[in-house]
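Peer 1: Input: one structure, supplied below.
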Amino acid sequence: MIARVLTRLGLFLLGTFLLAGSLWAGLSFGATLARNHWTYPVMLVVAFVAGVLLLGYFFYLLYRDGGGNDPYGRPAPIPEPLPPKKRWARVGVWTVVSALLLSVGTGIVYLRPHPAGQDSKVSYAAGEVVDLVEGHGWYAFVPREPGTDPAGHVDRSGKYAPTPEGVADTGLVFFPDQRVDSRAEAPVLRPLAEAGYTVVVLAEPLGLDAPDPDLADVAPKEFPEISRWVVGGHGTGGHAAAAWADANAGADAQGLVLHASAPELDVSGLEIRSTSMWGTLDTVVPASDIAASRANLPSSTDFVRIPGAIHSSFADYGPLRGEARTQFEPEVLYAQVADETLRFMDRVAYVPVEEPAEDADAADEEAE
């Protein structure tokens, strides 16, 4: 009798947890789910269906226990106990299934995404100079006239400024931070596309803490006309960016840009340009972590200090719970991060032009 009561109680609690959790996540993050990787929505569907089936089975058992199948309304008799082997086998199966479903429900709560803010929703769109291209697990800002900067985001009149051809031949592929709506990167990265660079932003499966670096392979595959790629990442996304740079240095990867990130992978031996930007008020990846990461990055890495920036100043998804507050408007910090990233991209895109050698006669005349 006790086992029967516990079984029905377990069905009710687990079914309610799965059904309520999936409905809560779907209603709360619907727009975010539609614009990011498909794995989390699939998890919601699995949880919803499992919750409905478990609750349906629970109510069927209550109906049967109350005599619903008997014309006289007599309760169903207690079944004969199963042999020990069959009983333990059934217990084992239900335990495994329950554990799996419980992990799905827990994953729904833990892996809930950080939605993009209003600035991101405005920036995440095509415009007069930029097209928005959406793919499975990624999107890209593609300049309509690659290599040009019609908005005048950066001064390219100097001697060491990249040529339009150099800019058009260079792109950025970027990993967002864990569980962050990939659209949140739009206010920071869209200005790069407006200045002539193709920018590919990835959406990691489930937004896990350790995104797969191979996801960045989509960039050179989808945009084969670009021969130089800078790989970047925010927070834990920087760990995957460093791993992709390590695997592709000298080939596709020509630069590494880190936003509030301290990769643990040692890439100090890479001969690529790199920069690490950090916020002075960041409590998620504090200055001590940035300092410790110096040993893992190339010796020529530029460390750029963003005064007043917190961890969420590098993407538009609002401050995290327990995070410090900044006195600066988010748009001001987004613009500063975008400007610093754009300057770095220009350094990667710059290709020195050899000066034409003077002919022998001119050299002789100069010597006289």
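Peer 1: Are any of the residues in the range 258-276 part of a loop (DSSP other than H, G, I, E, B), without any contact (Cβ under 8 Å) to a residue 40 or more places away in the chain, in contact with a Phe, Trp or Tyr (Cβ under 7 Å, 6 or more places away or on another chain) and among the small types (Gly, Ala, Ser)?
Peer 2: No, the conditions are met nowhere in the range 258-276.
Peer 1: Quick one: in the range 326-348, which of the residues that are touching a residue at least 40 places away in the same chain (Cβ under 8 Å) and more than 23 Å from Asp149 (Cβ to Cβ) is farthest from the chain's Cα centre (by Cα)?
Peer 2: Looking at the filtered set, the residue picked out is Thr326.
Peer 1: Moving to a separate point now. Consider Asp131 carefully, then state whether it is in contact with a strand residue (DSSP E or B) (Cβ under 8 Å, 6 or more places away or on another chain), under 26 Å from Tyr350 (Cα atoms) and loosely packed, with under 15 Cβ neighbours inside 10 Å. Outline the logic, then answer.
Peer 2: Details: in contact with a strand residue (DSSP E or B) (Cβ under 8 Å, 6 or more places away or on another chain): yes; under 26 Å from Tyr350 (Cα atoms): yes; loosely packed, with under 15 Cβ neighbours inside 10 Å: yes.
Spelling it out, Asp131 is indeed in contact with a strand residue (DSSP E or B) (Cβ under 8 Å, 6 or more places away or on another chain), under 26 Å from Tyr350 (Cα atoms) and loosely packed, with under 15 Cβ neighbours inside 10 Å.
Peer 1: Then there's this: For a quick check of your reading: which helices (runs of 4 or more DSSP H) sit entirely within the range 1-79 and have at least 3 residues that are at pLDDT 90 or above? Give the derivation first.
Peer 2: Working: elements: 2-28, 30-34, 39-65.
The qualifying helices (runs of 4 or more DSSP H) are 2-28, 39-65.
Peer 1: Given (1) closer than 26 Å to Tyr317 by Cβ; (2) loosely packed, with under 15 Cβ neighbours inside 10 Å, where does Leu258 come up short, assuming only one miss?
Peer 2: (2)
Peer 1: I would also like to ask the following. Go through Val231, Val154, Val199 for me and flag whichever is buried (at least 21 other Cβ atoms within 10 Å of the Cβ) and either farther than 25 Å from Asp282 by Cα or without any contact (Cβ under 8 Å) to a residue 12 or more places away in the chain (or both). Walk me through it before giving the result.
Peer 2: On the way: Val231 fails: either farther than 25 Å from Asp282 by Cα or without any contact (Cβ under 8 Å) to a residue 12 or more places away in the chain (or both); Val154 fails: buried (at least 21 other Cβ atoms within 10 Å of the Cβ).
The conditions single out Val199.
Peer 1: Go over the candidates Asp169, Asp214 one by one and state the one that is closer than 22 Å to Arg343 by Cβ and either surrounded by fewer than 24 Cβ atoms within 10 Å (Cβ to Cβ) or of a type outside the set (A, V, I, L, M) (or both).
Peer 2: Matching residue, one of Asp169, Asp214: Asp169.
Peer 1: For the range 185-237, name all the residues that are of a type in the set (A, V, I, L, M, F, W, C), assigned to a strand (DSSP E or B) and either in contact with a Ser or Thr (Cβ under 8 Å, 6 or more places away or on another chain) or closer than 21 Å to Glu264 by Cα (or both).
Peer 2: Quick first cut of the range 185-237, residues of a type in the set (A, V, I, L, M, F, W, C) only: 186, 188-189, 192-193, 195, 199-203, 206, 208, 210, 215-216, 218-219, 223, 226, 229-231.
Next, from what is left, pick out any that are assigned to a strand (DSSP E or B): 199-202, 229-231.
Within the range 185-237, Val201, Leu202, Trp229, Val230, Val231 meet the criteria.
Peer 1: Determine which single condition Gly250 fails, assuming it passes every other condition in (1) surrounded by fewer than 19 Cβ atoms within 10 Å (Cβ to Cβ); (2) on the phi < 0 side of the Ramachandran plot.
Peer 2: (2)
Peer 1: Out of (1) surrounded by 24 or more Cβ atoms within 10 Å (Cβ to Cβ); (2) at pLDDT 95 or above; (3) farther than 22 Å from Pro150 by Cα, the odd one out for Val180 is which?
Peer 2: That leaves (2) as the condition not met.
Peer 1: Hey, Ala291 hits all of (1) in a helix (DSSP H, G or I); (2) hydrophobic (A, V, I, L, M, F, W, C); (3) in contact (Cβ under 8 Å) with a residue 12 or more places away in the chain but one; which does it fall short on?
Peer 2: Status for Ala291: all satisfied but (3).
Peer 1: Looking at the range 229-263, which of the residues that are polar (S, T, N, Q) and in contact with a helix residue (DSSP H, G or I) (Cβ under 7 Å, 6 or more places away or on another chain) is farthest from Leu172 (Cα to Cα)? Don't jump to the end; show me each part of the working.
Peer 2: At the first step, the residues of the range 229-263 found to be polar (S, T, N, Q) are 236, 248, 254, 261.
Now drop any that are not in contact with a helix residue (DSSP H, G or I) (Cβ under 7 Å, 6 or more places away or on another chain), which leaves 254, 261.
Values: Gln254: 10, Ser261: 17 Å.
Once the filter is applied, the top-ranked residue is Ser261.
Peer 1: Conditions first: (1) surrounded by 12 or more Cβ atoms within 10 Å (Cβ to Cβ); (2) in a helix (DSSP H, G or I); (3) of a type outside the set (A, V, I, L, M, F, W, C); (4) modelled with pLDDT of 85 or more. Thr95 passes all but one, so which condition is the exception?
Peer 2: Against the list (1) surrounded by 12 or more Cβ atoms within 10 Å (Cβ to Cβ); (2) in a helix (DSSP H, G or I); (3) of a type outside the set (A, V, I, L, M, F, W, C); (4) modelled with pLDDT of 85 or more, Thr95 comes up short only on (1).
The values are calculated or read from the model by the stated rules, or taken from the named source; none is laboratory data. The model shown is predicted, which means the values in this text are computed figures rather than measured ones. Please note: Cβ atoms are built from the backbone with ideal geometry, for glycine as well, and neighbour counts cover all protein chains shown.
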